[in-house]
Amino acid sequence: MTTLSAEREIEHLMTLHPKGFDLSLDRVTRLLERLGNPQDRLPPVIHIAGTNGKGSCAAFSRALLEAAGHLVHVHTSPHLVNWHERYRLAAEGGGKLVDDDVFAEAIARVAEANQGQTITVFEILTAVTFVLFSEHPAEAAIIEVGLGGRFDATNVVKRPAVSVIMPISMDHEAYLGDRVELIAAEKAGIMKRGCPVVIGAQESDTALQVLIETAERLDCPTVVYGQDFLAFEENGRMVYQDEDGLMDLPLPRLPGRHQYANAAAAIAAVKAAGFEIGHRAAERAMTHVAWPARMQKLTQGKLVDLAPKGAEIWLDGGHNPGAGVVIAEALAEQEEKNPRPLVLISGMINTKDQTGYFSAFKGLARHVYTVPVSSSDAGVPNDELALRAEEAGLSAEPVSSVASALMLLRDSWDGPAPRILIGGSLYFAGAVLAENGTPPT
């Protein structure tokens, strides 16, 4: 079979079915019945919802389970460069992205079972997740919610080993509601009666209250960050604490203090799902965890070669005000350790609060280059994005591409080598990884 035939199958589906989300479980439930309900034949499921930190929690959970010797499937979305990234199948020595021929065959089988009925591509691809995960052996499946929770296509798993709710903030208001308590109620929709729940660090007391009340109503055994478990830095190490005691661990490989809480939520989730994680496995997990385009340091590649000599380059797909705050905090931490002038190269899509995102960098970033997001129809024009950055109090100018921004910097830079953050959208981050020649593996 020719390379990336799965991509062709998906492109064909895109021509047949509407883009985007249609929040309901009826169509995916009907399709899964035709496929023999593969979602009922999965290994123990760790189901993760939230606005920010879902992917990091999934990455930490995978690292913890694999370090303890378990075979683990992982479903995340969106992908950065190739659709295959959404499906990591369990393998000895660590999960591998799905093989193209296996993926293409599963897509074709699911599309045929749909019999031309109205459905979204995301729903078909979610059904593909359940087909793949039910047909390949594993001891755990980590499944990240696509959007919301209650009506997300992944929310057909009847008895998850644990439901995890990561930090909730304003995002996808058109689908989920315009108040944080409404968004929290949608995310809480993945909780199932009597099944364990882990609630990660919440920035909103209102959201936390909604989550706790929902868990209580459903009689879910619940552990809450800051109450039943937590993590903090001490003497250059990360200490995890819960009712079982303390674990003194290396700082996570993923930079930023926000990752301590993400790591803690993953440890709590894996334990709540019934897996024992020893100290040695937890240590290995912290030093081996990987999650592309989330404060990822780029050290080589075609774009990196265009930057000023000695520049430090970070890539992050965070795109809402909540993500802006944690990224700015992570960069401020870097600034304390090793001062360098910070420059942003930003591309964003029009469904996000661009000014809110940029506001987090006021007083920290020296300058912003805004670029178009060519990989998305919803990309904000670069001149308009520069105005949003200026509204947030930053100095900004539009340029045609990331390569142009890096070359402009290189040709005009005078002074200590800069720290460069490229980001503002996962679509944008994916395009950067593709252009740099360093896609996720």
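At-a-glance table
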item	result
Residue pairs, from the table LYS187/LYS302; LYS96/LYS297; LYS54/LYS309; LYS297/LYS352; LYS271/LYS302, whose Cα atoms sit over 31 Å apart	LYS187/LYS302; LYS54/LYS309; LYS271/LYS302
Convex hull volume per residue for the range 296-436, taking Cα atoms only, in Å³	90 Å³
Top of THR51, THR15, THR351 by mean-square fluctuation, Gaussian network on the chain, Cα under 10 Å	THR15
Counted charge near VAL304, where neighbours are those whose Cβ lies closer than 13 Å (Asp, Glu -1; Lys, Arg +1)	+1
Projected area averaged over orientations for the range 5-288, convex hull of C-alpha atoms, nm²	14.0 nm²
Estimated [θ] at 222 nm from DSSP helical runs (n ≥ 4, -39500 (n - 2.57)) normalised by residues in the chain, nearest 500	-12000 deg cm²/dmol
Tail weight of P(r) past 16 Å, computed on alpha-carbon pairs of the range 208-288, percent	52 percent
Packing-based order for 144-153, 420-429, using average beta carbon neighbours within 10 Å, highest first	420-429, 144-153
Peptides ranked, highest mean first, by Cβ atoms within 10 Å: ranges 91-100, 432-441, 318-327	318-327, 432-441, 91-100
Net charge dipole size for the chain [Lys, Arg +1 and Asp, Glu -1 on Cβ; Debye, nearest 20]	420 debye
Cα pair count fraction exceeding 13 Å, expressed as % - the range 249-302	64 percent
Residue (of LEU433, VAL371, ALA282) at the positive-pole extreme of the chain, dipole from beta-carbon charges	ALA282
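Taken together, the values in this text are just the output of simple stated rules run on the coordinates, not laboratory data. This one's a predicted model, so the numbers in the text were calculated from it and none came from an experiment. Cβ: placed from backbone, ideal geometry, glycine included. Neighbour counts: every protein chain shown.
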